[in-house]
Amino acid sequence: MIGYYIHHHGRGHLHRALCIAAHASYPVTGLSSLERPPEWTGPWVHLPLDTGATAYEDLEGGGRLHWAPLRHPGYQDRMSRIAEWVAKTRPSLLVSDVSVEVAGLTRLLGVPVVVAAMRGDRFDAAHRFAYDLAQALLAPWPAELAEPGWPDAWRSKAVHTGAFSRHDRRPTDVVRTGTRPRVLVLLGNGGSHIGPRQFDIAQQATPQWEWQVLGGSTAWSDDPWPTLCAADVVVTHAGQNAVAECAAARKPTVVLPQERPFGEQLATGRALTRGRLAVVRESWPAPHEWPGVLAEVRRLGGEGWSRWSPGDGAQRAAACLDELVHSARKGSSSCLARQ
């Protein structure tokens, strides 16, 4: 049995878990405060929420943790539920995507842990704790664009799968309507500082283009793939999932990193710039800049995304989990030896 902890903020963690679990040879149990998705085929452990802790003491455990409020009933029940599940099922492995506290608890209970790595400045004490204790670090980006500055101990156990999404290898044929080239602004579920007024001004500055917005607080879609494939250019943030979906569609993309803890999206933007995979801007372009930005991204094209998203990243991640479980009986970790 493999456990998979899925953080409840946004939908990227869940999408990654669904992709990996679909290819795993061993049964996978989801542990999350999210409702069990209909696509999940294995067991599901619903965890109490640990939110609303601002009135509680020592949220960060003296700087060694990220979210561990003292005497918080939801937090205590949440961690107890995980411990009960470990005691009952004796899992062979747990993936944490992503919680330092869940990774630490599970490892202290004697269960090997795999941590879903993220870009940005992860050198604080809490991240170092989780990354150091992990058996492997799942890095959903290519090794050629590895996160700079990682210590040798992290690099040696990083499994660079390349980006992956729920749309990998899905057909891109769609029925197009209209004659103007189309810009799709693709927003996520994790918050954005981009609003309708900015879209309107950008569209007024580029009358030869048709603009469409999907996601955020506007037109949410559980399946953005047809709309994504119908676009000529995509404008999006630098979240792992959004970038992976644009890469899967091989779409010319303008990436606007959002402010996130530990500079995660800014770091992704720097990697995309190094690889010349997208046009990256640190802020929403001014109206007069949009014609040039759209011309630049069309020249860049989207074929370079194959280096970022090979199409089998989820299979690679699942194969590594399977091998970690299997090889533990033989004292080796072959998925790491191949890195």
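The values are calculated or read from the model by the stated rules, or taken from the named source; none is laboratory data. Note that the coordinates shown come from a computational prediction; the quantities given were computed from them, not determined experimentally. Here Cβ is always computed from backbone atoms with ideal geometry, including for glycine, and neighbour counts include all displayed protein chains.
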**OP:** Look through A247, A319, A267 and report the one residue that is assigned by TED's automatic domain parsing to the domain that holds H66 and at pLDDT 95 or above.
**Re:** A319
**OP:** Can you give me the number of residues within the range 122-149 that are part of a loop (DSSP other than H, G, I, E, B), touching a residue at least 60 places away in the same chain (Cβ under 8 Å) and under 16 Å from the mean Cα position of the chain (by Cα)?
**Re:** 5
Original post:
Any chance the range 228-240 includes a residue that's at pLDDT below 95, closer than 30 Å to P27 by Cβ and not assigned by TED's automatic domain parsing to the domain that holds L93?
Top reply: yes
Subject >> Single residue of the range 252-271 satisfying the filter (outside any helix (DSSP H, G or I) and touching a residue at least 60 places away in the same chain (Cβ under 8 Å)) that is surrounded by the most Cβ atoms within 10 Å (Cβ to Cβ) >> reply: L256
**OP:** Considering only residues that are under 11 Å from the mean Cα position of the chain (by Cα) and part of a helix (DSSP H, G or I), look in the range 236-251 and name the one that is farthest from P171 (Cα to Cα).
**Re:** Q240
**OP:** Name the residue, out of E101, E84, that is surrounded by fewer than 16 Cβ atoms within 10 Å (Cβ to Cβ) and either assigned to a helix (DSSP H, G or I) or free of Cβ contacts under 8 Å to residues at least 24 places away in the same chain (or both).
**Re:** E84
Original post:
Considering the range 205-223 alone, what residues qualify as being crowded, with 17+ Cβ neighbours inside 10 Å, of a type in the set (V, I, T) and either outside any strand (DSSP E or B) or modelled with pLDDT of 95 or more (or both)?
Top reply: T206
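Pick from the range 4-56 the residues that are more than 16 Å from S99 (Cβ to Cβ) and not in a loop (DSSP other than H, G, I, E, B): which of them is nearest to the chain's Cα centre (by Cα)?
Going through the range 4-56, the residues more than 16 Å from S99 (Cβ to Cβ) turn out to be 11, 15, 18-28, 35-44, 52, 54-56.
If we keep only those that are not in a loop (DSSP other than H, G, I, E, B) too, we end up with 15, 18-21, 28, 44.
On the way: H15: 8, L18: 12, C19: 11, I20: 12, A21: 15, V28: 19, W44: 20 Å.
Selected residue: H15.
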**OP:** Look through the range 136-152, keep the residues that are surrounded by fewer than 19 Cβ atoms within 10 Å (Cβ to Cβ) and under 28 Å from L59 (Cβ atoms), and return whichever of them is modelled with the lowest pLDDT.
**Re:** G149
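Yes/no per residue for (1) surrounded by 19 or more Cβ atoms within 10 Å (Cβ to Cβ); (2) in contact with a helix residue (DSSP H, G or I) (Cβ under 8 Å, 6 or more places away or on another chain):
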position	(1), (2)
Y4	yes, yes
H7	no, yes
R16	yes, yes
Y26	no, yes
P38	no, no
L47	yes, yes
D58	no, no
G62	no, no
P73	no, no
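For (1) in contact with a Ser or Thr (Cβ under 9 Å, 6 or more places away or on another chain); (2) in contact (Cβ under 8 Å) with a residue 12 or more places away in the chain, each residue gets a yes or a no:
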| residue | (1), (2) |
| --- | --- |
| G30 | no, yes |
| E35 | no, no |
| P38 | no, no |
| G52 | no, yes |
| E60 | no, yes |
| G74 | yes, yes |
**OP:** Considering every residue within the range 172-190, establish whether at least one is over 18 Å from V234 (Cβ atoms), buried (at least 16 other Cβ atoms within 10 Å of the Cβ) and either polar (S, T, N, Q) or in contact (Cβ under 8 Å) with a residue 24 or more places away in the chain (or both).
**Re:** no
**OP:** Could you please find all residues in the range 96-148 being touching a helix residue (DSSP H, G or I) at 6+ places or on another chain (Cβ under 7 Å) and either outside the structural domain of L18 (by TED's automatic domain parsing) or of a type in the set (S, T, Y) (or both)?
**Re:** S96, T106, Y131
